[in-house]
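Everything below concerns the one structure shown next.
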Amino acid sequence: MSIHRFTRFVIMALALSWSALVLAADHYTGPNRDENGNIVPTPKGERCVEETPDMRANHMKYLLHKRDETMHRGIRTKTHSLVECINCHVTPGKDGQIARISDDSHFCASCHRAVSVKLDCFECHADRPVEAFSQLGSTFDSRADKVLQ
């Protein structure tokens, strides 16, 4: 490979890399995103049940443990409950609407899409806070807590 072709190749590679970084940064930055581009809504509580780095690394372990406790032992508590995570972290956007799991702005979807992890929780579980179901009418309200817990 001649020096001219090599120089041209390096310039093209740098230009493509720079373009990819600029486009990625533009897509993932905004007022409600962290440095990794993940959606960071204002939670309703004062603090999470675990520290943020721990939850990012271990939330699936907590959810699976909670599932086993609930399904196999009948123990129901709010700590590490998927329902409580959704109730606290899935908050209305600036337009007042609560994002669905199919939206990029959903709390869970933003991180999971970024790391290419399939979310199957919401094939059975609700992707919105329990309070969102109050808009469906009083017939549903009386069963919402039992169904979604």
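Readers should treat all values here as calculations from the given coordinates under stated rules, not as data from a laboratory. In this text the structure is predicted, and so the values were computed from the model without any measurement. Quick reminder, even Gly has a Cβ in these numbers, built from the backbone with ideal geometry, and neighbours come from all protein chains shown.
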### Query
So for His80, His106, fewest C-beta neighbours within 10 Å to most, what's the order?
His80, His106
#### Entry: Residues Ile101, Ile3, sorted so that the one with the fewest Cβ neighbours within 10 Å comes first
Ile3, Ile101
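Where does each of Asp54, Asp127 land when they are ranked from fewest to most other beta-carbon atoms within 10 angstrom?
Asp54, Asp127
Just to verify a number: FRET efficiency for Arg73 and Cys124, C-beta to C-beta distance, R0 = 22 Å, to 0.05? Provide the component values of the computation, followed by the final result.
Numbers: r = 19 Å, r/R0 = 0.87.
In this case the efficiency is close to 0.70.
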### Local net charge near Asn58, Cβ-Cβ under 11 Å (Lys/Arg +1, Asp/Glu -1)
-1
### Query
Between Lys94 and Arg56, what FRET efficiency comes out of the Förster formula 1/(1 + (r/R0)^6) with R0 = 22 Å and r the beta carbon distance, rounded to 0.05?
0.35
